[in-house]
1. Which one is farthest from VAL12 (Cα to Cα), of the residues in region 62-100 that are among the β-branched types (Val, Ile, Thr) and assigned to a strand (DSSP E or B)?
2. Before we move on, is GLU24 free of Cβ contacts under 8 Å to residues at least 60 places away in the same chain, surrounded by 13 or more Cβ atoms within 10 Å (Cβ to Cβ) and either out of contact with any His (no Cβ under 9 Å at 6 or more places or on another chain) or of a type in the set (Gly, Ala, Ser) (or both)?
3. Select from region 60-88 the residues that are hydrophobic (A, V, I, L, M, F, W, C) and either under 16 Å from VAL47 (Cβ atoms) or at pLDDT 90 or above (or both) and write down the one among them that is surrounded by the most Cβ atoms within 10 Å (Cβ to Cβ).
4. When the residues of region 40-59 are narrowed to those that are farther than 18 Å from LEU96 by Cβ and either out of contact with any Phe, Trp or Tyr (no Cβ under 9 Å at 6 or more places or on another chain) or not aromatic (Phe, Trp, Tyr) (or both), which ends up modelled with the lowest pLDDT?
5. For region 33-56, which positions are within 16 Å of GLY77 (Cα to Cα) and either more than 16 Å from the chain's Cα centre (by Cα) or surrounded by 17 or more Cβ atoms within 10 Å (Cβ to Cβ) (or both)?
6. For region 34-61, which residues satisfy the criterion of being part of a loop (DSSP other than H, G, I, E, B) and of a type in the set (A, V, I, L, M)?
7. VAL17 - would you say it is touching a residue at least 24 places away in the same chain (Cβ under 8 Å), assigned to a strand (DSSP E or B), of a type in the set (A, V, I, L, M) and in contact with a Phe, Trp or Tyr (Cβ under 7 Å, 6 or more places away or on another chain)?
8. Does GLY4 fit the bill of being of a type outside the set (Lys, Arg), out of contact with any Leu (no Cβ under 8 Å at 6 or more places or on another chain), in a loop (DSSP other than H, G, I, E, B) and without any contact (Cβ under 8 Å) to a residue 40 or more places away in the chain?
Amino acid sequence: MPKGAKGNVVQVIGTVVDVEFPAEGLPDIYNALELSMGDGKRLVLEVQQHLGNNWVRTLAMDTTDGLRRGAEAIDTGEPITVPVGEPCLGRLFNALGEAL
């Protein structure tokens, strides 16, 4: 699917977030979605299921406190990845592959 497709949050239940996309921009399962929270923080969602009616069910990788219906989510076009190899030995990373 096209990278950068935009959708809108339609439902938030804890860390489960449903997002509606246009039919031609439905993200693949396991793709990462990014959205900006009101405080300038970035929230990453991972697509887990296609629900029908152009909705996807996602899992938030951080707290959803303050997330509202209508918030814009952008498809990154790729899954969440973590670095591997020699430079990573002895380092700690979070679930998004960001160094701690």
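The values are calculated or read from the model by the stated rules, or taken from the named source; none is laboratory data. Quick caveat: nothing in here was measured; it's all calculated off a predicted structure. Neighbour counts run over all protein chains shown; Cβ positions are idealised from the backbone, glycine included.
1. Kept after step one, since they are among the β-branched types (Val, Ile, Thr), are these residues of region 62-100: 63-64, 74, 76, 80-82, 84.
Restricting the remaining residues to those that are assigned to a strand (DSSP E or B) gives 74, 76.
Details: ILE74: 16, THR76: 20 Å.
Ranking the qualifying residues of region 62-100, first place goes to THR76.
2. Numbers: free of Cβ contacts under 8 Å to residues at least 60 places away in the same chain: yes; surrounded by 13 or more Cβ atoms within 10 Å (Cβ to Cβ): no; either out of contact with any His (no Cβ under 9 Å at 6 or more places or on another chain) or of a type in the set (Gly, Ala, Ser) (or both): yes.
Against the criterion (free of Cβ contacts under 8 Å to residues at least 60 places away in the same chain, surrounded by 13 or more Cβ atoms within 10 Å (Cβ to Cβ) and either out of contact with any His (no Cβ under 9 Å at 6 or more places or on another chain) or of a type in the set (Gly, Ala, Ser) (or both)), GLU24 does not qualify.
3. Within region 60-88, the subset hydrophobic (A, V, I, L, M, F, W, C) is 60-61, 67, 71, 73-74, 80, 82, 84, 88.
From the residues that got through so far, the ones that are either under 16 Å from VAL47 (Cβ atoms) or at pLDDT 90 or above (or both) too are 60-61, 67, 71, 73-74, 80.
Numbers: ALA60: 18, MET61: 16, LEU67: 18, ALA71: 20, ALA73: 25, ILE74: 16, ILE80: 15.
Filtering region 60-88 for residues that are hydrophobic (A, V, I, L, M, F, W, C) and either under 16 Å from VAL47 (Cβ atoms) or at pLDDT 90 or above (or both), the one surrounded by the most Cβ atoms within 10 Å (Cβ to Cβ) comes out as ALA73.
4. Start the filter on region 40-59 by keeping residues that are farther than 18 Å from LEU96 by Cβ, which leaves 49-57.
The next check asks that each one be either out of contact with any Phe, Trp or Tyr (no Cβ under 9 Å at 6 or more places or on another chain) or not aromatic (Phe, Trp, Tyr) (or both); those that pass are 49-54, 56-57.
On the way: GLN49: 97, HIS50: 96, LEU51: 95, GLY52: 90, ASN53: 93, ASN54: 95, VAL56: 97, ARG57: 98.
Of everything passing the filter in region 40-59, GLY52 is modelled with the lowest pLDDT.
5. Narrowing region 33-56 to residues within 16 Å of GLY77 (Cα to Cα): 33-35, 43-50, 56.
Across region 33-56, the qualifying residues are LEU33, LEU35, LEU43, VAL44, LEU45, GLU46, VAL47, VAL56.
6. Pass one, region 34-61, residues part of a loop (DSSP other than H, G, I, E, B): 37-41, 53-54, 61.
Across region 34-61, the qualifying residues are MET37, MET61.
7. Working: touching a residue at least 24 places away in the same chain (Cβ under 8 Å): yes; assigned to a strand (DSSP E or B): yes; of a type in the set (A, V, I, L, M): yes; in contact with a Phe, Trp or Tyr (Cβ under 7 Å, 6 or more places away or on another chain): no.
Answer is no for this residue.
8. Values: of a type outside the set (Lys, Arg): yes; out of contact with any Leu (no Cβ under 8 Å at 6 or more places or on another chain): yes; in a loop (DSSP other than H, G, I, E, B): yes; without any contact (Cβ under 8 Å) to a residue 40 or more places away in the chain: no.
Considered against the rule, which asks whether it is of a type outside the set (Lys, Arg), out of contact with any Leu (no Cβ under 8 Å at 6 or more places or on another chain), in a loop (DSSP other than H, G, I, E, B) and without any contact (Cβ under 8 Å) to a residue 40 or more places away in the chain, GLY4 comes out as no.
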